[in-house]
1. Which residue is nearest to His80 (Cα to Cα), if the candidates are limited to region 96-110 and must be part of a loop (DSSP other than H, G, I, E, B) and either without any contact (Cβ under 8 Å) to a residue 60 or more places away in the chain or of a type in the set (Ser, Thr, Tyr) (or both)?
2. Evaluate the following for Arg8: is it among the charged types (D, E, K, R), at pLDDT below 95 and more than 16 Å from the chain's Cα centre (by Cα)?
3. Looking for whichever is of a type outside the set (D, E, K, R), exposed (fewer than 15 other Cβ atoms within 10 Å of the Cβ), in contact with a Lys or Arg (Cβ under 9 Å, 6 or more places away or on another chain) and modelled with pLDDT of 90 or more here; the options are Val66, Val53. Which one fits?
4. Of everything in region 117-151 that's among the acidic types (Asp, Glu) and assigned to a loop (DSSP other than H, G, I, E, B), which residue is modelled with the lowest pLDDT?
5. Within region 32-48, can one find any residue that is closer than 17 Å to Pro144 by Cα and either of a type in the set (Lys, Arg) or not in a loop (DSSP other than H, G, I, E, B) (or both)?
6. For region 72-94, which residues satisfy the criterion of being over 25 Å from Asp141 (Cα atoms) and either of a type in the set (A, V, I, L, M, F, W, C) or assigned to a loop (DSSP other than H, G, I, E, B) (or both)?
Amino acid sequence: MGGKNEKRARTTSSARHTHLQLKPIGVIRSLLKDRSKAPKQGSEGAPDAWIEVRPSVTQAMDGLAVGDEIIILTWFHRSHRDVLKVHPRSDPKRRLTGVFATRSPDRPNPIGLHEVTVRKLGRNRLRVGPIEAIDGTPVIDIKPVLCTPRPAEKGYKADPQ
């Protein structure tokens, strides 16, 4: 009777019941122990730190090199997941703002995004920095930084207008 629309409704309905499971691939080992004393961003005086990679995924490090720019995805294990609005940068003079428009670690899914440089590589660990994540923070993934070539680099010429 409902045809395509009926199928779409079922798909949408079942998508609401999807459960996700993340498995940490490593852990941050940092001099930063206290969330309240950590810089808000890596570029604000954060130290370098080690990422201890689980033995089951060390082969995934193949291809990484010292000097690479990478993105570390972390799970902010000490964050508050019920927070929907914050004062940006914890400044009460700034208006309350939805967490999706901020870099607050307190959010429904506290995933951290850290752009860092690889400093050293070991068998099952890498030294990266600067990174503001505190000691014990689970690492959920590592990805390369992708640089999008500018139009001129693709062989395009600027519009003469």
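The values are calculated or read from the model by the stated rules, or taken from the named source; none is laboratory data. The structure presented is a predicted model; accordingly, all values stated were derived computationally and were not measured. Positions of Cβ are backbone-derived with ideal geometry, glycine not excepted, and every protein chain shown enters the neighbour counts.
1. Asp106
2. yes
3. Val66
4. Glu132
5. no
6. Result: Val86, His87, Asp91, Pro92, Lys93, Arg94.
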